[in-house]
Amino acid sequence: MERALEIVNTEQDQIFAWRVLHGCIPCLVILANKRISNTGNCPMCQTGAEDIKHALFSSNRAREVWGALGIWDVIEKLLSVDRSGSVPIQEIIGRRGLATGLSNVGVAELILTGCWYIWWQRRQVVHGEEIQNPPRSTVSIAAISTNYALASKKSAVMNKNRKKPA
């Protein structure tokens with residue numbers, strides 16, 4: 001599992017993926033099972049028990065975001081494999097290939113960045129803050145993924161002619 005996380009580019013995505021794989025994100029169902037929360041209903045759509053799979057993939061909002069990104073069909077196939085949220089994440093990390101429509105961005109990186117972003121917006125809703133609409137979230141996810149891919153590809157160039165200021 002640790003070796004699989006090396007594929008993921010950003011440290012933020014690595015930490016988030018590790019937490020999902022180990023069931024350490026505080027979904028309401030997990031909190032209710034530990035007797036920390038009274039309810040297990042999803043704060044985003046109010047229509048289901050919020051476990052990892054529901055929060056990141058199955059909720060109405062998550063489906064809208066994945067559909068707008070054009071990768072819902074990939075995610076839907078992964079969700080048919082298992083009922084928990086950690087198995088699709090494990091499968092996603094192992095995937096290679098670029099996302100369609102985005103240069104230099106892998107499918108795994110795009111999906112993990114999308115999962116993190118969906119979770120981040122879910123936390124904003126829980127704390128009473130406003131969030132973007134799904135198409136705007138999609139633009140943000142694509143921009144974060146593309147910017148990181150482009151930034152990590154460039155190598156730093158040192159100017160050897162530069163002199164130290166007096």
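A cut-off of 5 Å between modelled amide H atoms, ignoring neighbours fewer than 5 places along the same chain, links GLY106 with ALA99. Highest average first, the peptides 54-61, 21-28, 68-75, 108-115 ordered by how many other beta carbon atoms sit within 10 Å of their residues are 108-115, 54-61, 68-75, 21-28. Listed values for the stretch 60-73 are Karplus-derived 3J(HN,Hα) couplings in whole Hz (6.51 cos²θ - 1.76 cosθ + 1.60, θ = phi - 60°), namely 4, 5, 4, 4, 5, 5, 5, x, 5, 6, x, 10, 4, 5, and x replaces Gly and Pro. Near ASN41, the amide H atoms lying under 5 Å from its own belong to GLU50; only residues 5 or more places off or on other chains count, and H is placed 1.01 Å from N.
Read-outs: derived from the displayed coordinates by stated rules, not from any lab. Source: prediction; values computed, not measured. Don't worry about glycine lacking a Cβ; one is built from the backbone with ideal geometry, like all the others, and counts go over all protein chains shown.
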